[in-house]
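The values are calculated or read from the model by the stated rules, or taken from the named source; none is laboratory data. As the structure is a computational prediction, the values presented were derived from the model and not from experiment. For neighbour counting, all protein chains shown are included, and Cβ atoms are generated from backbone atoms with ideal geometry for every residue, glycine included. Heads up: the accessible areas ignore ligands, DNA and RNA and are worked out on the full protein's heavy atoms, side chains in. Shrake-Rupley method; radii C 1.70, N 1.55, O 1.52, S 1.80 Å.
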Amino acid sequence: MRADLVIEGRAYVGGRLIETAVAINDGLIISVSNPALTPEAEERVVLGLGQLMLPGMVDMHVHMRDFNQAHKEDWYTGTLAALRGGVTLVVDMPNNDPFVDSLAVLREKLEIARSKTLVDFALYCGAPRNPHEIPEIKKIACGFKIYPEDYDKLPGLLKYLEENLIVIHPEDPEIIARERSAIVRPRIEDHCKIRPKLAEIKAVERILEIARNKRLRLHFTHLTTNDSILRIASSKLCGASISCDVTLHHALLSSDVMMMLRGVAKVNPPLRSKGDAEAMLNAVRSGLVDAIASDHAPHLLEEKLREDYDEVPPGFPGLEIYLPIILTQILNGDMPPRVLDLYSRRPAEILGARKGSLAPGMDGDVVIVELGKEHVIDPSEFASKAKYSPFGGWIVKAEVKRVYLRGILALEDGEPRVGMGVGRHVAGS
Ligand code: DOR
Ligand code: ZN
């Protein structure tokens, strides 16, 4: 047996840190074994002191924009941000301009993504405009993203979407509309009032009710309240096939950050109280949630600095800092090492992708990180076009040094070593 590449050193494998050697051939991991037992290899990389190898991370909720919003982000800058964050599979949302809810737009998006991407990618489709297109859409999209304004369409679509991944943004649009209309001139301080926890809880309840006794694979994204997590856990106990994710901003930041950073920290759903954030952090620590996702949502800084509440678009970038923050939390003893699975193995399993673990048969996606040295997060250095972050100024103790994508050196010291289009489309299951 021969390998193209063997990487030897300390690694995160099966939830533990071990000394091992990962052999990759034809883009796939062929063995994870004692270094003395590895096959002959074209190239052998030995990790240095303080270095650790991890599987490529999987971010199941990102916004690469492009199309008519390429000024905010495009598939090249967005996926360079992914590489810098050790992410080798991104799953992109359909709320583009134009919105992706038809086969024609989905196909166009696939071509744009294919031509520019630096990492592997999968695409969600929005609630399809024409249900007759669904069989063809399923060949391209790994799942469907249902936004609050499309909840009403869900019951009619269910019979076409059995067995498919359906990702839900849980915020009840009627509650939000009512709260918004009660305030004449909202300020950023009103963001949480306009999008209250109740909107999320009611949406979770409504969707769980629609899905009850159906053969669906539901996934609730960016949860912010302990009540929604409990309702989802309770449905899981009843045998439903449901998963959910939490972002790091909802687990580590609270609304006082928004009071300081104003529109820069405006995000949907909003940052909530310290108690809510602590609950999300505990949900992550305890494995009550299935995944961590960044909701990388780039906008122009000038848009984020607008005075008028309604004119500030929600969201901020996250891709390049998620892994360093998770590792720092682990090093500080604030998260258990197994949390790494929530940003790699678990989302890969939810998506049905052959990624996210250092194990034979998986794609040869390996991230080499250096641990220990402190860095200050400086958003002005982001590869993303959105060069701001509510995590700006945070100290992290981990740095992505190298990323291998299916055995190919894709990034070294922050610089891409591959060209546009190297990433592959992952259709999902
Ligand atoms: O904050 C958000 N930004 N939440 C969303 O649901 C959409 C996203 C975006 O696309 O900017
Ligand atoms: Zn999003």
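The condition of being within 15 Å of the chain's Cα centre (by Cα) and either surrounded by fewer than 24 Cβ atoms within 10 Å (Cβ to Cβ) or within 16 Å of ligand 2 (Cβ to nearest atom) (or both) does not hold for VAL100.
Report yes if ILE176 is among the hydrophobic types (A, V, I, L, M, F, W, C), open to solvent by 10 Å² or more (accessible area, probe 1.4 Å), over 20 Å from CYS244 (Cα atoms) and within 26 Å of the chain's Cα centre (by Cα), otherwise no. Yes, satisfied. Evaluated against (1) outside any strand (DSSP E or B); (2) within 22 Å of LEU323 (Cα to Cα); (3) not charged (D, E, K, R), LEU17 falls short on exactly one condition, (1).
At least 1 residues being within 16 Å of ligand 2 (Cβ to nearest atom) and of a type in the set (Lys, Arg) is the threshold, and among the helices (runs of 4 or more DSSP H) wholly inside segment 230-306 those reaching it are 301-304. Based on this model, can you work out whether ASP276 counts as open to solvent by less than 50 Å² (accessible area, probe 1.4 Å), out of contact with any strand residue (DSSP E or B) (no Cβ under 9 Å at 6 or more places or on another chain) and either farther than 21 Å from PRO196 by Cβ or touching a residue at least 24 places away in the same chain (Cβ under 8 Å) (or both)? Against the criterion (open to solvent by less than 50 Å² (accessible area, probe 1.4 Å), out of contact with any strand residue (DSSP E or B) (no Cβ under 9 Å at 6 or more places or on another chain) and either farther than 21 Å from PRO196 by Cβ or touching a residue at least 24 places away in the same chain (Cβ under 8 Å) (or both)), ASP276 qualifies. Report yes if GLY56 is modelled with pLDDT of 95 or more, of a type outside the set (A, V, I, L, M, F, W, C) and open to solvent by less than 10 Å² (accessible area, probe 1.4 Å), otherwise no. Yes; evaluated as a whole, the condition is true for this residue.
Conditions tested, residue by residue: (1) over 20 Å from the mean Cα position of the chain (by Cα); (2) surrounded by fewer than 24 Cβ atoms within 10 Å (Cβ to Cβ); (3) away from ligand 1 (no atom under 16 Å from the Cβ); (4) of a type in the set (A, V, I, L, M, F, W, C).
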{"position": "THR247", "(1), (2), (3), (4)": "no, no, no, no"}
{"position": "SER255", "(1), (2), (3), (4)": "yes, yes, no, no"}
{"position": "MET259", "(1), (2), (3), (4)": "yes, yes, yes, yes"}
{"position": "LEU271", "(1), (2), (3), (4)": "no, no, no, yes"}
{"position": "ASP310", "(1), (2), (3), (4)": "yes, yes, no, no"}
{"position": "GLU320", "(1), (2), (3), (4)": "no, no, yes, no"}
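The set of residues in segment 231-241 being in contact with a Leu (Cβ under 9 Å, 6 or more places away or on another chain), of a type in the set (A, V, I, L, M, F, W, C) and either open to solvent by 50 Å² or more (accessible area, probe 1.4 Å) or modelled with pLDDT of 95 or more (or both) consists of ILE232, ALA233.
In summary, PRO170 fulfils each of the numbered conditions (1) without any contact (Cβ under 8 Å) to a residue 12 or more places away in the chain; (2) closer than 22 Å to SER255 by Cα; (3) assigned to a loop (DSSP other than H, G, I, E, B) with the single exception of condition (1).
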